[in-house]
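*Asks:* Here you go, one structure.
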Amino acid sequence: MSALRNRSLLGFLGFSLLVSLASGCGGGLSSAGSPSGSRADVARGGRLYDNWISEKKLKDSFKPDSAKTPELDGSGGPNGNGTLSDGSGKPLPNTGHDYRLKNLFGWDLRGGQGIYGASYQKKDYVLAQSLLEGARSEQQLAEWLKNGDAQVPAYGAVLDDGDLRDLAAFLVAVREHRVPRPDDVFTLDESAPKNYKLLPGADPKRGAATIAKRCSGCHGSQGTKFAIDDTESIGSISRSSGYEIWLKIANGHPGSAMKSQLLASDGGGAERGKLVLDILAALCDRQAFPKLENGSDVPDGDARCGQYLR
Ligand code: HEC
């Protein structure tokens, strides 16, 4: 009897060890205990925010309704046609957002006030509210995303409670600056290409040392080992789209081997945000982190990298 109990206890310990190993890189970013008792994975929440279809590997089972046609003509999901429903159960057509939260609220989570808003990239599918503001708890945010409202899809049809918990934990952690915020990394500027500029005050040397330690193993010492979107190196894509890449460095790239590149030992949200800025500033060096042969690059004087452009 007691031998049996010990065996199952050992099994349980082994299982917990596996789970904690599996959460690896993201572990440092996990928030404190959630109501269900298990810990939310903030970085995974960030990847779900970016692209839940990729992160959950649903590409074959959920094809979003095409934004280019008036018919509801995707496949999968609660309505079988690639739509999600709104809070009242009515199918929400895809107007170009593909049901991605980063499209509905932007890479900076600021909604209509932010980079996708009317003053900047002018995406007509962006929703007004900023997720960097407000006082909703993780539980309230998870409920809201689960059930949707007049404009927000009811994600409960495609995301489970663990997904919703991770997403809500991410939103609150960014809002409360326990992890990097977009305003640690860039400012919005109507006159800059893509309407953003990296913040001043970065340490590109520290960024380059961090890249050598944390990124080169996968991307190669110049960030050119494999192509991103067929034509981009990590240098070229970061120089033209730093407002997106900050979220990838902080949380990982959805559905890929790249998890959060930040560690608990990097410090609090502001310190980690500064490290993301340092990395992006280092990636502004076109010699150290060149474009691919078949790719293009930002021109001299480009405002996105600004003073960091080499
Ligand atoms: C474990 C391997 C691994 C590590 C470590 C890693 N990456 Fe990645 N990274 C990937 C993979 C795989 C992709 C996805 C490529 C794809 O699917 O197109 C990726 C994608 C990217 C992208 C493109 C994202 C996009 O929008 O498509 C950038 C930029 C990037 N990584 C930068 C970095 C930086 C900077 C670091 C270090 C701070 C880093 N990566 C660390 C494996 C890694």
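Since every read-out is calculated from the coordinates, none of them should be taken as a lab result. In this text the structure is predicted, and so the values were computed from the model without any measurement. Ideal geometry is used to build each Cβ from the backbone, glycine not excepted, and the neighbour counts take in all protein chains shown.
*Asks:* So which of LYS225/LYS274; LYS146/LYS259; LYS56/LYS146; LYS213/LYS259 end up more than 18 Å apart by C-alpha?
*Replies:* LYS225/LYS274; LYS146/LYS259
*Asks:* Can you pull out the GluC sites (Glu not before Pro) in segment 63-156 whose DSSP state is coil and whose Cβ has at most 10 other Cβ atoms within 10 Å?
*Replies:* In loop regions of segment 63-156 (DSSP not H, G, I, E or B), the sparsely surrounded GluC sites (Glu not before Pro) are GLU71.
*Asks:* Restricting attention to segment 185-251, which chymotrypsin sites (Phe, Trp or Tyr not before Pro) occupy a DSSP loop and are surrounded by at most 14 other Cβ atoms within 10 Å? Before the final figure, lay out each step's value.
*Replies:* Values: sites: PHE186, TYR196, PHE226, TYR243, TRP246; in loops: PHE226.
Here the sparse-neighbourhood loop sites are PHE226.
*Asks:* What do you get for Rg/Rh over the chain if you use C-alpha atoms and the Kirkwood form of Rh? Walk me through the numbers before you get to the answer.
*Replies:* On the way: Rg = 20.4 Å, Rh = 20.5 Å.
My calculation of the ratio gives 1.00.
*Asks:* List the trypsin sites (Lys or Arg not before Pro) in segment 45-129 that DSSP assigns to loop (not H, G, I, E or B) and whose Cβ has at most 14 other Cβ atoms within 10 Å. Which are they?
*Replies:* Answer by residue number: LYS57, LYS59, LYS68, LYS122.
*Asks:* Expressed as a whole percent, how much of the Cα-Cα distance distribution for segment 152-310 exceeds 19 Å?
*Replies:* 55
*Asks:* Would you grab the residues whose amide H sits under 5 Å from the one on ILE115? Only those 5+ places off in sequence or on another chain, please, with H modelled 1.01 Å from N.
*Replies:* Excluding prolines and chain starts, which carry no amide H, the hits are ASP108, ARG110.
*Asks:* Skipping prolines and chain starts, which residues have an amide H placed within reach, meaning under 5 Å, of the one on ASN81, given they are 5 or more residues away or on another chain?
*Replies:* Here the answer is GLY76, since their amide H atoms fall under 5 Å of that of ASN81.
*Asks:* If you average the alpha carbon positions of segment 149-182 and of segment 228-251, how far apart do those two centres end up, in angstrom?
*Replies:* 23
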